[in-house]
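Working notes, structure below.
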Amino acid sequence: MAQLLHKQSAAVEIQVTGTVQGVGFRPHVYKLATSLGLHGWVINTTAGVTIRIEGSNELIERFTHDLQTSPPPLARIEKYFVREAIPEGYSAFFIHESRHMPDTLVSIPPDIGTCPDCLREYLDPGDRRHGYEFTNCTNCGPRFSITKAAPYDRKNTSMRVFEMCPDCGREYTDPLDRRFHAEPNACPLCGPQIVVTTPDGEPADIDVRTGTSRETAAAIRKLLKQGSLLAVKGIGGYHLACDAESQDAVRRMRERKRRQSKPFALMCRDLDIVRHHCELSQEEERLLTSPARPILLLKRKATSGLCDDIAPGLDTLGIMLPYTPLHCGLFDEGLSILVMTSANISGDPLILTEDDAYEHLGDLADYFVIHKREIINRADDSVVMQFNGQPYFVRRARGYVPQGVKLPHAVKPVLAVGGDLKSVFAYGKDDKAIVSQYFGDLDNLKNLDAYGDGIRFFSEFLHIKPELIVRDLHPDYVSTEFAEEYASKLSVPLISVQHHKAHFASCMADNGLNEKTLGVVCDGTGYGDDGTVWGGEFFYGDYDEVTRVGSLAQFPQPRGDSVQKYPLHMAAVILNVLWADEEQTLQTLPDADEIMPFAKAQSASERLSIPSSSCGRLFDAAAALCGFTGRISYEGEAAMRMESLAHSSPGEKPYDTHVIEDGAMLRLAWDFIGEMAEDKLGGVEPAVMAARFHQSVIAGICRMVEILAKRYGTHKVVLSGGTFQNRFVIMGLDKELRDSGIEPLFHRNVPANDSGLALGQIVLAGRMAP
């Protein structure tokens, strides 16, 4: 502590929580305090930041006002407590070393894209960091992906093995430098270096005479222009990169990666290249250039010129901008757009280490771009749409995790394990949830191992020992079994929450609702309270009680997972129920002749099928009528292709829809599928059929909500589930519901798909807990 020289007139101690570490918060406090002539200190703790300020009451009041209204760009203040203290007479303002505080929920920033200041240094031939791929400062660079433990100090990151040179050390210790306590701080003399190797780990034979980063980057660009496929070690994992304008390179990438038709993400050199290939609004531009640098789904221009192999059958492209200097170095005037997809066999987790990269990617990549900065926490690229002026998540990971989500009510320390698809877990404590990055599907053992590692890391990092674990109701989920074993290991209670009720509560919490409201949850499948398949559900309630008040009318769904792979199978079952005329069904679906005997048997047998209200399976049947009769190669493929068709014919009218009263329950009829089939028999264009189907879904949901809103006296409805990642549907619902005087509330901080389940599990279990 500083020598106490004289008394000040007043003193306060300020506790700040939120994203206030690794974002330049302490130097910002230092500059503000010294500019006002205030004395005291600031310190990082595992609870956040603590500040002691001494001076006149007037200046202290000004300090607290300025700090709250103008924090550093990347900081997020969640709580700000001020209490009076006894003046101790500090001689100046000081920055103290970090300290540990037990039983606190910490928060560090996510990995942040390169800031303008660092980019200028990277491009400046006169700067000592010119061309250096790991240039960063307090306002940008890796955070979560390199962190081993809290607090966020260099000794707790993978940068601890790189000793700073004198120049970097001076920056790091100067409170007035923007690299003050920038934990990944480095330069070409003391930091990581990139190396290009062959698949066997040997140095590649490339033209690098002096070994500078600039020469290495030029050699990498040359390899890309020659059509090579490169495995590139990024912030949260490896990418597989190639020239997106080389059809041969794109096709080879798809073949080697065994990725039949799932779209590839693209990285563009700059905004002009994005505008060349896609329609780009001002709001989309702001999201694309935000510090998070997500993959943004954009409408593809017909004049783009990129090969169809990049996103087969889709009218959108997933675009991102370079978010590290290393990525910036992959482009020049002759190389403007790259395929930049996760470098793993489809379905496996991201690869983090060089050993694993050489073992598993040796048959995929021609060359490897590696470095020695260890990746501690894997993080896929986040995927978002722009909707209603804000990001609408498809996948939440790099750039956003581990930012917390504020809860509508306090909960005891709890772990929610989510579901099996698009798996994400979450820890909750007090009024905050920390939602993990995306881990993929848990039926893959490697994903399950990574998911388990993530659960253990977050527990240690957040200093949370859960007193409760919550899982999905489905008895056969892998996550259910994991939760049972983990709860037994920790000797804590285990609670089950129904899948769609968790979706409902997730969207309520995501919008900060703490009142009874309506909810619509539409997705592919979920285990219902009655043991049947749910997936088109209407609810009314709050966190204490959720009541199912409506659903899509049930139909027989063949048992087993294969029906989800073959839209044609579901279409044959649906038409057999509607018509019971095999010849008419075969005229409509001529490809169905081999499966028709099975479809008829399944439709009539309780042993071979199960009652289902799955909206996802209805979309599959409709997609088959629009021509998608083959096996899908990724989840939602048929529905996504049908949506792209629908966008090309937006002005169509819906088929007739009606609501069935089934006692207290309402059922949304789906027999308009018969009209759609008649359109197909009549030779109507698939695009028109697709648009009419989408309009029918919108009209039917709106009619159900209008009836229920009047019944329960509410004017709000939350909408969750994977179906509401369909841009055509959510835009139509947003307009139609608002026109009816009902406020639709969509997700804001977590995806509508199963990656949002864990948030809902937390808020429901918080009220159910013993």
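The values are calculated or read from the model by the stated rules, or taken from the named source; none is laboratory data. Small disclaimer: the values here were computed from a predicted structure and weren't measured. All Cβ positions, glycine included, derive from the backbone under ideal geometry; neighbour counts span all protein chains shown. Ligands, DNA and RNA are excluded from the accessible area calculation, which covers all protein heavy atoms including side chains. Shrake-Rupley method; radii C 1.70, N 1.55, O 1.52, S 1.80 Å.
Couple of notes before you dig in:
- Elements of type strands (runs of 3 or more DSSP E) in segment 1-96, at least 3 residues being within 28 Å of Leu407 (Cβ to Cβ) and open to solvent by less than 70 Å² (accessible area, probe 1.4 Å): 10-19, 39-45, 48-55
- Filter pass, Ala149 being open to solvent by 30 Å² or more (accessible area, probe 1.4 Å) and not aromatic (Phe, Trp, Tyr): yes
- Scanning segment 585-603 for residues that are part of a helix (DSSP H, G or I) and touching a residue at least 12 places away in the same chain (Cβ under 8 Å) turns up Thr585, Gln587, Thr588, Asp591, Ala592, Met596, Phe598, Ala599, Lys600, Gln602, Ser603.
- Filter result for the condition that a residue is free of Cβ contacts under 8 Å to residues at least 12 places away in the same chain and assigned to a loop (DSSP other than H, G, I, E, B), over Glu635, Glu661, Glu652, Glu606: Glu606
- When Ile206, Ile194 are screened for being within 30 Å of Pro72 (Cβ to Cβ) and among the β-branched types (Val, Ile, Thr), only Ile194 passes.
- Selection within segment 250-273 - touching a residue at least 40 places away in the same chain (Cβ under 8 Å), assigned to a helix (DSSP H, G or I) and either in contact with a helix residue (DSSP H, G or I) (Cβ under 7 Å, 6 or more places away or on another chain) or farther than 22 Å from Asp380 by Cα (or both): Val250, Arg251, Arg254, Leu271, Ile273
- Residue satisfying all of: in segment 709-765; free of Cβ contacts under 8 Å to residues at least 24 places away in the same chain and within 19 Å of Gln390 (Cα to Cα); surrounded by the fewest Cβ atoms within 10 Å (Cβ to Cβ) among these: Arg738
- Beta carbons closer than 7 Å, at least 6 apart along the sequence or on distinct chains, never pair a first residue in segment 62-90 that is without any contact (Cβ under 8 Å) to a residue 24 or more places away in the chain with a second that is in a loop (DSSP other than H, G, I, E, B) and among the β-branched types (Val, Ile, Thr).
- Candidates are the residues of segment 163-202 that are among the β-branched types (Val, Ile, Thr) and in a loop (DSSP other than H, G, I, E, B); the one that is surrounded by the most Cβ atoms within 10 Å (Cβ to Cβ) is Ile194.
- Filter result for Val520 (in a loop (DSSP other than H, G, I, E, B) and touching a strand residue (DSSP E or B) at 6+ places or on another chain (Cβ under 7 Å)): no
- Residue in segment 124-141 that is of a type in the set (D, E, K, R) and under 27 Å from Leu361 (Cα atoms) present: yes
- Residues satisfying the stated conditions in segment 479-507, i.e. of a type outside the set (Ser, Thr, Tyr), part of a helix (DSSP H, G or I) and closer than 25 Å to Phe619 by Cβ: His499, His500, Lys501, Ala502, His503, Phe504, Ala505, Cys507
- Residues of segment 107-132 that are open to solvent by less than 10 Å² (accessible area, probe 1.4 Å) and under 13 Å from Arg214 (Cβ atoms): Arg129, Gly131, Tyr132.
- Qualifying residue in segment 601-612 (condition: buried (at least 24 other Cβ atoms within 10 Å of the Cβ), at pLDDT 95 or above and closer than 16 Å to Val697 by Cα): no
- The set of residues from segment 330-372 being open to solvent by 10 Å² or more (accessible area, probe 1.4 Å), touching a strand residue (DSSP E or B) at 6+ places or on another chain (Cβ under 9 Å) and over 29 Å from Asp443 (Cα atoms) comprises Phe331, Ser336, Asp366, Tyr367, Ile370, Lys372.
- Scanning segment 594-614 for residues that are under 39 Å from the mean Cα position of the chain (by Cα) and among the charged types (D, E, K, R) turns up Glu606, Arg607.
Conditions tested, residue by residue: (1) under 20 Å from Ser614 (Cβ atoms); (2) touching a strand residue (DSSP E or B) at 6+ places or on another chain (Cβ under 8 Å); (3) open to solvent by less than 20 Å² (accessible area, probe 1.4 Å).
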residue	(1), (2), (3)
Glu635	yes, yes, no
Arg641	yes, no, no
Ser649	no, no, yes
Leu681	no, no, no
Ile698	yes, no, yes
Met704	yes, yes, yes
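- The requirement of being over 21 Å from Pro751 (Cα atoms) and not charged (D, E, K, R) is fulfilled nowhere in segment 431-440; no residue meets it.
- Looking across Ala622, Ala677, Ala690, one residue alone is in a helix (DSSP H, G or I), in contact with a Leu (Cβ under 9 Å, 6 or more places away or on another chain) and under 25 Å from Ala752 (Cβ atoms). It is Ala690.
- Some residue of segment 246-269 being farther than 30 Å from Cys168 by Cβ, among the acidic types (Asp, Glu), under 30 Å from the mean Cα position of the chain (by Cα) and crowded, with 19+ Cβ neighbours inside 10 Å: no
- For beta carbons closer than 8 Å, sequence separation of 6+ or different chains, a first residue in segment 211-238 that is on the phi > 0 side of the Ramachandran plot and surrounded by fewer than 20 Cβ atoms within 10 Å (Cβ to Cβ) and a second that is in a strand (DSSP E or B) and at pLDDT 95 or above, the qualifying pairs are Gly227/Cys242; Gly227/Asp243.
- Criterion violated by Met689 - all others in (1) surrounded by fewer than 17 Cβ atoms within 10 Å (Cβ to Cβ); (2) touching a Cys at 6+ places or on another chain (Cβ under 8 Å) satisfied: (1)
- Some residue of segment 107-115 being outside any strand (DSSP E or B), more than 19 Å from Asn156 (Cβ to Cβ), more than 40 Å from the chain's Cα centre (by Cα) and at pLDDT 85 or above: no
- Residues in segment 444-454 that are within 17 Å of the chain's Cα centre (by Cα) and either within 20 Å of Gly760 (Cα to Cα) or surrounded by fewer than 16 Cβ atoms within 10 Å (Cβ to Cβ) (or both): Tyr451, Gly454.
- Test: residue in segment 422-443 that is open to solvent by 40 Å² or more (accessible area, probe 1.4 Å) and in contact with a Pro (Cβ under 8 Å, 6 or more places away or on another chain): yes
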